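In what follows, a single structure is set out as structure tokens and then discussed.
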Amino acid sequence: MHPYNRLPSSGRNSPSPPTSPLRSPRFRHGRSKAGGRFNQPGRTLIQRIVWNLLSVLIRRQGFFLFAPLLYISGMLLYMGSVSFEVVPVISRRLAPGSVYRSPQLYAKLRPEMDADNSSADAISTVWKHSHRSGEWRPCVNKSSGGLAESNGYIYIEANGGLNQQRTSICNAVAVAGYLNATLVIPNFHFHSIWRDPSKFREIYDEDYFISMLENDVRVVNKIPEYLMERFDHNMTNVYNFRIKAWSPIVYYKEAVLPKLLEEKVIRISPFANRLSFDSPPAVQRLRCLANYEALKFSSPILTLGEVLVARMKERSTNYGGKYISVHLRFEEDMVAFSCCVFDGGEQENEDMKAARERGWRGKFTKPGRVIRPGAIRINGKCPLTPLEVGLMLRGMGFDKNTFIYLASGKIYNAEKTMAPLLEMFPNLQTKEMLASDEELAPFKNYSSRMAAIDYTVCLHSEVFVTTQGGNFPHFLIGHRRYLYGGHSKTIRPDKRKLALLFDNPKIGWKTFKRHLLGMRSHSDSKGFELKRPNDSIYSFPCPDCMCRTNKTEDAMGIVGNLSPDQLQTFRSQGYLVMESFASAEDIEAMRSRMDQLLQDFDCSSTASIFSTKNQQHTTDNYFYDSVDNISFFFEEKAFGSDGELQQPKELSINKVGHALHELDPVFKRFTYSEKISGLFSSLGYKRPIVIQSMYIFKQPGIGGEVVPHQDNSFLYTDPPTCTGLWLALEDATITNGCLWAIPGSQKNGLVRRFIRGEEGVTFDRPSPVYDQKDFIPIEVKAGSLVVIHGDLIHQSFENQSSKSRHAYSLHVVDTDGCKWSQDNWIRRKVEPEPLYVSSLT
């Protein structure tokens, strides 16, 4: 029965439709205590509890207002801001490198290490690539002859330790030579770290240094009194240049030279690293000469050093007199500066803090500075400990009987840290062990002198091992290359890889040794390295200080074909005659080709005259355009008063130029021959280009005079690099107008420039008046080549004979580290193809 509506509707008493069920959660249709939705048979107790909980949450929806609070509370508990005793402690794994594990690794590997008898005679077989050592030889040449009048005196202060001072000395020689200045023996600046008051003469042989440089750079002990009077005999009153590090040599010419000419005395302090590594060949030669030839240790140092070398060789007789030298940097100041942590505990920590404060007050305690010893170790920046050096060398195959010379200062905590190394190598020696107290007494309180003794013994070892960067190993590596045919014979370990190996407690001896043998092999393969841009010439002497011997320079087959005697003659006289340079076939090919070019030339198309007496070519575009063409220029006396040629065109041409070497195959073949490239390779050119070429006729009867001049005047680079090649295609004699030159005049530098401006070309100053008695004739046979320095004063007279004097002339400049002057008369649209691009740059 359906219920009735109690309220009347329309006055009728009819039944109402059934009402809709209530939607309240409190209303449940068919509720029963015995059963129901949440108490269905078959549910487990857990299921019933969950369902009841969900029921409560659904019926009490306001509970969800507390959900954010519950979430935040849970996060706080998870992050540890609120802790309870029941929360477990989570341990973190230490970062790689943060713990010094080498002692544990040594303890683990030592039984297998001592039992390993597989090592061959490692010291005799370490250099697999040493058969190439004959490829390079020292070729630093001294000049002969006098020096030009000095532009003034340069006084420098060399700061740092032994080898940083060495850098300053060599760079100072190069700068003084480049500026034609007199170098005062460098003053060594006393430093709080090295604490060595030694003077130049107490470390180096001063007299030998001066004499070795006498024809290249003037060196004196002191500035003359009459000049010092201007400064009250006080060097601090002398103008001091504050030069930026790694300044190019051009800066010295532009900024320093004018002040030097004005003051006559200048001071540069400090001077370490104040010259760029990349400089022109002339500057590099002076660096080489200073470092490898002129700098010799003083007699007391050299004598004791050689005695210690002899004692090391005597002790290692069973190994053929071969020994290893190790440069170990584990002195207290080095350990402190590295900020690495070892196994010395709290005492080590206090020692290092004190050492850092003494040596670098406040440097390591600046606000915001964060020191991460683990990261420093993994990056290979920590100094190797004596224990690690021993592990490394044993892993590289050197057995415990190997003789080792240890070059080092006072080792930090030596009694403890040196013990494992001596266990692994009982034949280890130091200068203190090899020399008596009496022998060492004159040097003991002088760190630079002690370092010089170490340097000498390391220089003559079969193997040199460097364990940390710095000037000592960098100079030694270069010096060993200079002595040993270009191979450094040096082990330079990969310290990042070593750090990972030493930090691995699970590594076995065989795996460890395999990695170390690979590292040793890599050092061997890197023994021969050529200087690249920004490399130090003191570490990489090839090719600036060394020459190839019998093998080709690179894949192009470039051979340096000037002997040391020829180079010395060229640098002394300013020119060199090379007889029979061109073959009879070469001469015939070029002369025949020129005959053909003359036949094809239409002389009615131009009447351009060339004369060195009147070179103001202000409007002659034919002359300017000749740099990219094969152009013909007439002799001044070729035309009569009527403007017509007085003889056949073949006898009227002064020269043909200036792009024969590029546009004609016959002349190009000779120009780009190996003999030309080899010549410039031996002169030290890195990227030479032929900037112009000329076929010169010197016609009989009318061949014009060439007035005294310098090639650098016309073809200027900064610094100057022009070298002329003059090939005689016929015999050149006094009669038919051979070359004349003033020997050694190139040492006086460039006299004047031939400049192209908006109104044409002109010299920037008048020509000096030369005494003709100073000139000498250069008579040569056909096929002879005359190599002419760009600053050499040379000339030729008119040919009043009945014989011509044909010659092929080239002018070459270097484009590596040299800038072509924009006001030269030659303005090429496209740079010429280089003779070669040396792989040694």
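The values are calculated or read from the model by the stated rules, or taken from the named source; none is laboratory data. Note that the structure is a prediction, hence the values are computed from the model and not measured. Cβ sites come from the backbone with ideal geometry, for glycine too, and all protein chains shown count toward neighbours. Heavy atoms of the whole protein, side chains included, go into the accessibility calculation; ligands, DNA and RNA do not. Shrake-Rupley method; radii C 1.70, N 1.55, O 1.52, S 1.80 Å.
List of remarks:
- Measuring r between the beta carbons of LYS199 and TYR770 and using R0 = 41 Å, the FRET efficiency lands at 0.35.
- Separation of the alpha carbons by more than 26 angstrom is noted, of LYS313/LYS489; LYS353/LYS506; LYS222/LYS531; LYS322/LYS416; LYS531/LYS668; LYS199/LYS381, for LYS353/LYS506; LYS222/LYS531; LYS322/LYS416; LYS531/LYS668; LYS199/LYS381.
- Taken as Cα centroids, segment 160-185 and segment 394-415 sit 35 Å apart, rounded to the nearest whole angstrom.
- Cα pair distances of segment 187-263 binned at 10 Å [whole percent]: 13, 30, 47, 10
- Based on alpha-carbon atoms, the Kirkwood radius and the radius of gyration of the chain give Rg/Rh equal to 1.24.
- Centre separation in Å (Cα based) which lies between segment 675-747 and segment 463-531: 48 Å
- Of all complete DSSP H helices in the chain, those with a Cα span along the helix axis of 20 Å or greater and a mean Kyte-Doolittle hydropathy of 0.5 or more are 45-59.
- Distance (nanometres) between label positions extended 7 Å along Cα→Cβ at VAL707 and LEU517: 7.6 nm
- Label-point separation, LYS506 to SER802 (7 Å along Cα→Cβ), nm: 10.0 nm
- Once the C-beta distance of THR365 and GLU579 is scaled by a Förster radius of 51 Å, the resulting FRET efficiency is 0.10 to the nearest 0.05.
- Cβ-derived FRET efficiency at R0 56 Å, GLU636 paired with GLU415, nearest 0.05: 0.05
- Centre-to-centre, using Cα atoms only, segment 759-808 and segment 276-327 are separated by 46 Å.
- Think of the chain as having a plus end and a minus end, set by charges on the Cβ of Lys, Arg, Asp and Glu; of GLN573, CYS458, TYR178, CYS458 sits farthest toward the positive end of this dipole.
- Once the gyration tensor of the Cα atoms in segment 153-296 is diagonalised, the equivalent ellipsoid follows with semi-axes of 20, 19, 16 Å, ordered largest first.
- Total formal charge among the other residues, if their Cβ is under 12 angstrom from that of LYS675, Lys/Arg +1 and Asp/Glu -1: -1
- Residue-averaged [θ]222 nm for the chain, counting only DSSP H segments that reach four residues, each worth -39500 (n - 2.57): -9000 deg cm²/dmol
- Length gained when the stretch LYS781-THR735 is fully extended (0.36 nm per residue, less Cα-Cα span): 15.2 nm
- Peptide packing for 253-261, 197-205 was compared via the average number of neighbouring C-beta atoms within 10 Å per residue; ordered from the highest value, the list is 197-205, 253-261.
- Neighbourhood charge, 12 Å Cβ-Cβ cut-off, centred on LEU302 and excluding it, Lys, Arg +1 and Asp, Glu -1: 0
- Extension gain (nm, one decimal) between ASP232 and LYS244, 0.36 nm per residue minus Cα-Cα: 1.5 nm
- Antiparallel DSSP beta bridges within the chain, as percent of all bridges there, nearest 5: 70 percent
- No Cys partner within the rule (Cβ under 4.7 Å), the chain: CYS170, CYS339, CYS458, CYS542, CYS603, CYS722, CYS738, CYS818
- Subtracting the Cα-Cα distance of LYS444 and GLU225 from their residue separation scaled by 0.36 nm leaves 75.3 nm.
- Among the chymotrypsin sites (Phe, Trp or Tyr not before Pro) in segment 710-770, those placed in a DSSP loop whose Cβ has at most 16 other Cβ atoms within 10 Å are TYR770.
- Apportionment of accessible area to carbon and sulfur, the chain, percent (1.4 Å): 52 percent
- For a label point 7 Å along the Cα-to-beta-carbon line of ARG110, residues of segment 371-411 with backbone N under 20 Å: 385-402
- Shape call, segment 564-820: gyration tensor on alpha carbons, a/c limit 1.5: rounded
- For the chain, averaging the sequence separation of C-alpha pairs within contact (under 8 Å, six or more residues apart) and dividing by the residue count gives a relative contact order of 13 percent.
- Under the combined filter of DSSP loop state and at most 16 neighbouring Cβ atoms within 10 Å, segment 449-520 retains these trypsin sites (Lys or Arg not before Pro): LYS506.
- Projected label points at GLN599 and SER563, each 7 Å from Cα along the beta carbon direction, are separated by 4.3 nanometres.
- Taking amide H positions as modeled 1.01 Å from N, with prolines and chain starts lacking one, the residues under 5 Å from ILE268 and 5 or more places away or on another chain are TYR155, ILE156, GLU157, PHE241.
- Cross-link partners of LYS264 among aspartates and glutamates (Cα-Cα below 19 Å; sequence separation of 8 or more within a chain): GLU149, GLU157, GLU225, GLU229, ASP232, GLU254
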